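Novice: Got a structure here, written out as structure tokens. Questions coming.
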Amino acid sequence: QVQLVESGGGSVQAGGSLRLSCAASGSIFSVNNMGWYRRSPGKQRELVAAITSAGSTNYADSVKGRFTISRDNAKNTVYLQMNSLKPEDTAVYYCNADITTRDDSVPKSYRYLEVWGQGTLVTVSS
């Protein structure tokens, strides 16, 4: 009923740019915090960037100055603009959102959801 669909991943050379998009859809009452995580082989899942419903942002130290997170509340969409990409940025990127659903089939006490996108692969070559 509630899902996140990601797009924008791909392969790029070091120094290049990519823009990831993640759109929430379904029976949504509100979309609260949104963020991007990434996972690469042998590494822990890392929070890359996050943005609150009010627009406050935070970033992993490794991407500060290079990545920008933004959102379009009218479209329930979050973006990640990635510039000056490095091989170390290679990973599967996952969108995450805290969502309150309006689905009447779900008891009110269970309508606070943490939803994940399907993941999109970003490969940065040297």
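Novice: Looking at region 7-42 only, could you name the residues that are in a loop (DSSP other than H, G, I, E, B), in contact with a strand residue (DSSP E or B) (Cβ under 8 Å, 6 or more places away or on another chain) and either on the phi < 0 side of the Ramachandran plot or exposed (fewer than 14 other Cβ atoms within 10 Å of the Cβ) (or both)?
Specialist: Scanning region 7-42 gives Gly9, Ala14, Gly16, Ser17, Ser27, Ser40.
Novice: Condition check: more than 15 Å from Glu6 (Cα to Cα), among the hydrophobic types (A, V, I, L, M, F, W, C) and open to solvent by 40 Å² or more (accessible area, probe 1.4 Å). Does Ala60 satisfy that?
Specialist: no
Novice: If you check Ala49, Ala54, which single one turns out to be out of contact with any Asp or Glu (no Cβ under 6 Å at 6 or more places or on another chain) and either of a type in the set (S, T, N, Q) or not in a strand (DSSP E or B) (or both)? So that I can check it myself, show each step before the final result.
Specialist: On the way: Ala49 fails: either of a type in the set (S, T, N, Q) or not in a strand (DSSP E or B) (or both).
Matching residue, one of Ala49, Ala54: Ala54.
Novice: Determine, yes or no, whether Asn96 is over 23 Å from Thr123 (Cβ atoms) and assigned to a strand (DSSP E or B).
Specialist: It is false that Asn96 is over 23 Å from Thr123 (Cβ atoms) and assigned to a strand (DSSP E or B).
Novice: For Ser62, state whether it is in a strand (DSSP E or B) and of a type in the set (Ser, Thr, Tyr). Walk me through how you get there before you give the answer.
Specialist: Numbers: in a strand (DSSP E or B): no; of a type in the set (Ser, Thr, Tyr): yes.
Against the criterion (in a strand (DSSP E or B) and of a type in the set (Ser, Thr, Tyr)), Ser62 does not qualify.
Novice: Do any residues in region 108-119 that are surrounded by fewer than 14 Cβ atoms within 10 Å (Cβ to Cβ) have Cβ atoms under 7 Å from those of residues that are acidic (Asp, Glu), where the two are at least six apart or on different chains, and which pairs are they?
Specialist: Qualifying pairs under 7 Å: Glu114/Asp98; Gln118/Glu6.
Novice: In contact (Cβ under 8 Å) with a residue 40 or more places away in the chain and of a type in the set (D, E, K, R) - does that describe any residue in region 70-83?
Specialist: Yes, region 70-83 has at least one match.
Novice: State yes or no: is Leu4 of a type in the set (A, V, I, L, M, F, W, C) and not in a strand (DSSP E or B)?
Specialist: No: the conditions fail for Leu4.
Novice: A further question follows. Considering only residues that are closer than 14 Å to Ser17 by Cα and open to solvent by less than 60 Å² (accessible area, probe 1.4 Å), which ones fall in region 63-79?
Specialist: The answer is Val63, Arg66, Phe67, Ile69, Tyr79.
Novice: Can you work out which of the residues in region 44-57 that are of a type outside the set (Ser, Thr, Tyr) and over 18 Å from Ile28 (Cβ atoms) is surrounded by the fewest Cβ atoms within 10 Å (Cβ to Cβ)?
Specialist: It comes out as Gln44.
The values are calculated or read from the model by the stated rules, or taken from the named source; none is laboratory data. Note that the structure is predicted; figures quoted are calculated from it, not measured. We place every Cβ from the backbone using ideal geometry, glycine too, and count neighbours over all the protein chains shown. Just so you know, the surface numbers come from the protein's heavy atoms only, side chains and all, with ligands and any DNA or RNA stripped out. Shrake-Rupley method; radii C 1.70, N 1.55, O 1.52, S 1.80 Å.
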